[in-house]
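S.K.: My questions will all concern the structure given below.
The values are calculated or read from the model by the stated rules, or taken from the named source; none is laboratory data. The shown structure was predicted, so the numbers you read here are calculated from the model rather than taken from an experiment. Ideal geometry is used to build each Cβ from the backbone, glycine not excepted, and the neighbour counts take in all protein chains shown. Note: accessible area is taken over every heavy atom of the protein model, side chains too, but ligands, DNA and RNA are not part of it. Shrake-Rupley method; radii C 1.70, N 1.55, O 1.52, S 1.80 Å.
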Amino acid sequence: MNQLKQAWQKSIVCTAALMLAVQVSAATMDNAIKSGENRAKNAQTQQRKIDNVDGQTKTLEQEYRAVVKEVEGLDVYLQQLNKQLNAQQAELTQIDQSIKQVTLIERQITPLMLNMIAALETFVQNDIPFQAELRQGRIVTLQEIMGRSDVSVAEKYRKVMDAYQKEMDYGRTIKTYRASMSLDGAEREVDFLRVGRVALMYQTLDGQTIGIWNNTSRQFEPLASEYKSKLTTALRIAREQAAPDLIKVPVAAPVAVN
């Protein structure tokens, strides 16, 4: 009996110890599970932090690349601006030199233009007197323009050259125009015919009187009646009322110049 009792007591003790061990193991397992859960939560939290840091890093990297690209573009733009500034500086230097040259040319060309106008006036006075008022008026206009400060030197020169060009054109054209002249002590309307600078003739409106300018005597002289039909034909050609044809006009003999 005593042995059975002792065995039973030992069994109870073992069972209690086993139950205590099971409880301890369960508690340890719970702690381990909680610890694992905490580690998992911490790992998730750290992973989220890592993901956030990675996202921020990528964003910063993209911003950095954009800034670098913008800086490269600005560098190219600045290089282009420097080239433009250098070109503009060179152009300003050239303009400055041109202004200095223009000032020098203006001082030299103004006396030249005045001499050209004076020479043109002398030429017109000594030329055959066709359209005298128009030509003299052109010279007077040039003289007035030369005294004006609101007209540039270039414009003055252009007008002087234009006057010379018109005078040159007179020598290559045939022209008829109507004007009055003193004839037999009275003013009469006549038709003038200019053939270049070779001849200046006139015919009265009734066609009865004709004449030609003698530049040696500086006056109009009567023209032989045999030239009436020739002059009439020439007038019609000049008015484009007849087809162009050979015009026969009297020409003064050349005079030797010593």
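S.K.: Top mean-square fluctuation among Leu200, Leu74, Leu223, Gaussian network model of the chain, C-alpha springs under 10 Å?
M.R.: Top of the fluctuation ranking is Leu74.
S.K.: Under a point spin-label approximation (7 Å from Cα along Cα-to-Cβ), what is the Asp51-Gln219 distance to one decimal in nm?
M.R.: With each label point 7 Å from Cα toward Cβ, the separation is 12.4 nm.
S.K.: Which of the lysines could a cross-linker span from Lys49 if the Cα-Cα distance has to be under 16 Å and same-chain partners fewer than 8 positions apart are dropped?
M.R.: List returned: Lys41, Lys58.
S.K.: Placing unit charges on C-beta atoms (Lys and Arg positive, Asp and Glu negative, everything else neutral), compute the dipole magnitude of the chain about its Cα centre in debye, rounded to 20.
M.R.: 1340 debye
S.K.: Let me ask you something else. Arrange the residues Arg188, Arg172 by how much accessible surface each exposes, largest first, with a 1.4 angstrom probe.
M.R.: Arg172, Arg188
S.K.: Out of these labelled values of volume of the Cα convex hull per residue in Å³, (1) 122; (2) 359; (3) 162, which was calculated from the coordinates shown here?
M.R.: Of the labelled values, this structure produces (2).
S.K.: What does the charge count near Arg188 come to, summing +1 for each Lys or Arg and -1 for each Asp or Glu among other residues with Cβ under 12 Å from its Cβ?
M.R.: -4
S.K.: Next question. Can you run phi through the Karplus equation (6.51, -1.76, 1.60; θ = phi - 60°) for segment 47-57 and list ³J(HN,Hα) in whole Hz, with x for Gly and Pro?
M.R.: Ordered by residue, 3J(HN,Hα) equals 5, 4, 4, 5, 4, 5, 5, 5, x, 5, 5 Hz.
S.K.: Another question, if that's okay. Report in % the part of the accessible area of segment 106-162 that belongs to carbon and sulfur, leaving out ligands and nucleic acids; probe 1.4 Å.
M.R.: 54 percent
S.K.: Can I ask one more? Which of Arg135, Arg148, Arg39 moves most in a GNM of the chain, Cα contacts under 10 Å?
M.R.: In the Gaussian network model the winner is Arg39.
S.K.: With springs only between Cα atoms under 10 Å apart, run a GNM on the chain and tell me which of Gln62, Gln125, Gln136 wobbles the most.
M.R.: Gln62
S.K.: Now a separate question. So if each residue of separation counts as 0.36 nm, and I subtract the Cα-Cα distance between Thr233 and Glu106, what length gain in nm does that give?
M.R.: Taking Thr233 through Glu106 to full extension adds about 40.7 nm, to one decimal.
S.K.: Relative contact order of the chain: what whole-number percent is it, with Cα pairs under 8 angstrom and at least 6 residues apart?
M.R.: Across the chain, relative contact order equals 8 percent.
S.K.: Taking 25 Å as R0, compute the FRET efficiency from the Cβ-Cβ separation of Leu114 and Leu134 and round it to 0.05.
M.R.: 0.70
S.K.: Heavy-atom accessible area per residue, segment 92-228, 1.4 Å probe: how many Å²?
M.R.: Dividing the accessible area of segment 92-228 by its residue count gives 61 Å².
S.K.: Could you tell me the center-to-center distance, by alpha carbons, between segment 112-174 and segment 202-230 in angstrom?
M.R.: Taking the Cα centre of each part, segment 112-174 and segment 202-230 sit 29 Å apart.
S.K.: Using a 1.4 Å probe and ignoring any ligands, DNA or RNA, find the accessible area of Ile174 and quote it in Å² to the nearest 10.
M.R.: 60 Å²
S.K.: Quick check for you: which residues of segment 105-133 have the amide N under 16 Å from the point 7 Å beyond the Cα of Val153 toward its beta carbon?
M.R.: Residues 105-116 qualify, since their backbone N sits under 16 Å from the label point.
S.K.: Between Ala242 and Arg188, how high is the FRET efficiency from 1/(1 + (r/R0)^6) when r is the Cβ-Cβ distance and R₀ = 30 Å? Nearest 0.05.
M.R.: Step by step, r from the Cβ atoms, then E = 0.75.
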